[in-house]
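Working notes, beginning with the structure itself.
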Amino acid sequence: MVVVSTFNVENLFSRPKVLNMADHAQAAEILRRVNRFSELLDMRNYRPYAEEIRVLYVELKDYVKINIRSSRVGRNILTADGDLIAKGREDWDGFVDLERERFSEEQIRFTGKVIKEVEPDIQCFVEVESAGTLARFNTDILNSWFKDKIVVDGNDPRGIDVALASRALYPIRTAKTNVFARDSEGIIFSRDCLEVEIDIDGRSLFVLVNHFKAKDATPAVSDHKRMRQAKEVAQILKTRYDLSKDLVLVAGDFNDEPDSGPLEPLLAAPELTNVLDVLDWPADDRWTYYYGRKHERNAIDYILVSDALKPFVTRAGFERRGIAGLDEITGGAEHAFPGITSWKLAASDHAALWVELDL
């Protein structure tokens, strides 16, 4: 038996402060301002934008830092009050980065506990800071449970990449990134569609790990981006694999519900099935994500299998005990791990989703 799991860990050791806020709408607004601030600092001439730059810097200085590689104007391009020292982009080389906040040791351990309870042979990770971070998490928290690990720097500058790790029995054969995939509108993937070939006792299992564009304050824009990503994954499956013969699994955080329009190109792809449909899982018990005070529960994390892999699906399930407030959310039907008393200690606001394959 081979257990494959997907889990949005919401970073492993540290996370940008703005992404660790309880109020997602407030975080989205701050990120919008960060994007504008970064755009302004890319201008050749700062003079027309000096006041806007100053105001944004004062508002954002707890959430951003300016990383300077080289400069004609010294160690800083702005004063502590946001007044400009640099005259334009040609005066310095660097970028605007997000200030990070380290998680507590308890929270990190709870993230590891979710994975330990599942005991996956192959783990798809969503939102991993780096390859070094995953290696440290594996040794320090998971007691070197996994042998092979692959992380590719994705397209998200916040350092929330996708990754895959597998145990020694199931080594990684090959890995392919799609960070450079483009269509007529530009770069397609917000992070990546990571393709990994894994040796399962001499046979190849192909796992595609994804993290689609999140819903945000501009639904039409984010929905369109997510649809482009769903179409591209469907095209990858169509052109690179024979789903009637190849053992293929698509997993990750798709950031949308199963009946959504943006996901239709992928979820309705021929010869591809949600593992929960394979097992006739109850429709009202498929949620993987809990958001905020309104008790909104959504099924936004997925494991899809090819027709060739479908006969090998034996069991599936969720590990939700890393979510804060689980008792209240489920009316006492499920209970969070002892010690998770607030969202600040939660392993994630996502559940881990897993499938067992008789390979």
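Remarks
- Checking each residue of the stretch 25-35 against the condition of being at pLDDT 85 or above and closer than 23 Å to W287 by Cα gives no match.
- Hey, V96 closer than 20 Å to Y302 by Cβ and either open to solvent by 10 Å² or more (accessible area, probe 1.4 Å) or in a strand (DSSP E or B) (or both) or not: no
Rundown of residues vs (1) out of contact with any Gly (no Cβ under 8 Å at 6 or more places or on another chain); (2) more than 16 Å from D156 (Cβ to Cβ), yes/no style:
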| site | (1), (2) |
| --- | --- |
| L12 | yes, no |
| A22 | no, yes |
| A25 | yes, yes |
| R32 | yes, no |
| M43 | no, yes |
| E59 | yes, yes |
| K65 | yes, yes |
| R69 | no, yes |
| G82 | yes, yes |
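- Taking the criterion of being among the aliphatic types (A, V, I, L, M), open to solvent by less than 30 Å² (accessible area, probe 1.4 Å) and within 18 Å of the chain's Cα centre (by Cα), the residues of the stretch 108-150 that qualify are I108, V114, I115, I122, V126, V128, L134.
- Index of the failed condition, S184 passing every other in (1) in contact with an Asp or Glu (Cβ under 7 Å, 6 or more places away or on another chain); (2) farther than 21 Å from N8 by Cα: (1)
- Matching entry among S130, S104 (being touching a Gly at 6+ places or on another chain (Cβ under 8 Å) and of a type in the set (G, A, S)): S130
- Those residues of the stretch 197-237 which are within 23 Å of G154 (Cα to Cα), open to solvent by 10 Å² or more (accessible area, probe 1.4 Å) and part of a helix (DSSP H, G or I), in sequence order: P219, V221, D223, H224, K225, M227, R228, K231, E232, A234, Q235
- Of all residues in the stretch 60-82 being β-branched (V, I, T) and part of a strand (DSSP E or B), the one that is farthest from A28 (Cα to Cα): I68
- Among the residues making up the stretch 42-55, those that are touching a residue at least 24 places away in the same chain (Cβ under 8 Å) and part of a helix (DSSP H, G or I) are R47, A50, I53, R54, V55.
Rundown of residues vs (1) free of Cβ contacts under 8 Å to residues at least 40 places away in the same chain; (2) touching a strand residue (DSSP E or B) at 6+ places or on another chain (Cβ under 7 Å), yes/no style:
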position: V128; (1), (2): no, yes
position: A135; (1), (2): yes, yes
position: I150; (1), (2): no, yes
position: A165; (1), (2): no, yes
position: N178; (1), (2): no, yes
position: R182; (1), (2): yes, no
position: E197; (1), (2): yes, yes
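- R320, sole failed condition from (1) touching a residue at least 60 places away in the same chain (Cβ under 8 Å); (2) open to solvent by less than 20 Å² (accessible area, probe 1.4 Å); (3) basic (K, R): (1)
- Search result, residues across the stretch 300-317 that are surrounded by fewer than 22 Cβ atoms within 10 Å (Cβ to Cβ) and either within 23 Å of the chain's Cα centre (by Cα) or at pLDDT below 95 (or both): A316, G317
- When the criteria are applied in full, G202 fails the requirement of being in contact with a strand residue (DSSP E or B) (Cβ under 6 Å, 6 or more places away or on another chain) and at positive phi.
- In the stretch 323-341, the qualifying residues are those that are open to solvent by less than 50 Å² (accessible area, probe 1.4 Å) and touching an Asp or Glu at 6+ places or on another chain (Cβ under 7 Å), and the one that is nearest to R109 (Cα to Cα) is G339.
- Meeting the requirement of 1 or more residues that are over 22 Å from A230 (Cβ atoms), the helices (runs of 4 or more DSSP H) wholly within the stretch 245-359 are 326-329.
- Within the stretch 48-59, being under 12 Å from I30 (Cα atoms) and either surrounded by fewer than 13 Cβ atoms within 10 Å (Cβ to Cβ) or not charged (D, E, K, R) (or both) holds for L56, Y57.
The values are calculated or read from the model by the stated rules, or taken from the named source; none is laboratory data. Just so we're clear, the structure is a prediction, and the values are computed from it rather than from any experiment. Every residue, glycine as well, gets a Cβ built from its backbone with ideal geometry; the counts of neighbours run over all protein chains shown. Heads up: the accessible areas ignore ligands, DNA and RNA and are worked out on the full protein's heavy atoms, side chains in. Shrake-Rupley method; radii C 1.70, N 1.55, O 1.52, S 1.80 Å.
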